[in-house]
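Student: Okay, here's the structure, questions in a sec.
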Amino acid sequence: MLKMVGAAGILQWGKSSKRNVICRRAEVGASDSFIWNRRRKFDTDEPGLFHAVTTKQKELHFVCEVGIQMAELWVRGIKLLSYFSVILEKTRVY
């Protein structure tokens, strides 16, 4: 199960802390490096595929079972929460 955690902009799946990442950006479809690495498997154009890039420049690819519309909603939500987490970080008073 994939979920976004609050205003922190954390994308979380599973129970391990290694599966909690802060997203920098997200896009529908596969990245160029993913397409190159999986060129012999022919699964890079699967409907519902989207990827997120973390603050540490790691790429994470996910597939929605529902299709492209659900992937677009995920990407839109990740972008929105990432944007708000950056704003909250900049306005935080220490």
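The values are calculated or read from the model by the stated rules, or taken from the named source; none is laboratory data. Treat the numbers as computed from the prediction; the structure is a model and nothing was measured. As a convention, Cβ positions derive from the backbone with ideal geometry for all residues, glycine included, and neighbour counts pool all protein chains shown. Quick note on the areas: whole protein, heavy atoms, side chains included, nothing else; ligands and nucleic acids left out. Shrake-Rupley method; radii C 1.70, N 1.55, O 1.52, S 1.80 Å.
Student: So, with a 1.4 angstrom probe, what is the percent of accessible area on the chain that is carbon and sulfur? Intermediate results must be reported in sequence, preceding the final value.
Tutor: Numbers: 3930 of 6980 Å².
Using a 1.4 Å probe with all protein chains present, the chain comes out at 56 percent carbon and sulfur.
Student: Relative to the longest principal Cα axis of the chain, at what angle does helix 68-91 sit, 0 to 90 degrees, rounded to 10?
Tutor: The angle comes out at about 30 degrees.
Student: Run a plain Debye calculation on the chain (Cα atoms as equal point scatterers, no solvent) and give log10 I(q)/I(0) at q = 0.13 Å⁻¹, rounded to two decimals, same order as the q list.
Tutor: Cα-only, vacuum Debye calculation for the chain: -0.46.
Student: Could you please put Met70, Met4 in sequence from largest to smallest accessible area, using a 1.4 Å probe?
Tutor: On the way: Met70 70, Met4 40 Å².
My answer, sorted largest first, is Met70, Met4.
Student: Order the following by accessible area, largest value first: Val5, Val53, Val66. Probe radius 1.4 Å; ligands, DNA and RNA are ignored.
Tutor: Order by accessible area, largest first: Val66, Val5, Val53.
Student: To the nearest 10 square angstrom, what accessible area does Leu81 show with a 1.4 Å probe?
Tutor: Around 50 Å² of this residue is reachable by solvent.
Student: Something else about it: So with the 1.4 Å probe, I'd like the accessible area per residue for the chain, rounded to whole Å². Don't jump to the answer; show the numbers that get you there.
Tutor: Working: 6980 Å² over 94 residues.
Result: 74 Å² of accessible area for each residue.
Student: Next question, about the same structure. With every protein chain left in place and a probe of 1.4 Å, what is the accessible surface of Leu80, to the nearest 10 Å²?
Tutor: 100
Student: Let me ask something else about it. Would you mind working out the magnitude of the charge dipole of the range 1-86 relative to its Cα centre, with +1 at each Lys and Arg C-beta and -1 at each Asp and Glu C-beta, to the nearest 20 Debye?
Tutor: Working: 14 positive and 8 negative charges, 94 e Å.
Approximately 460 debye in magnitude.
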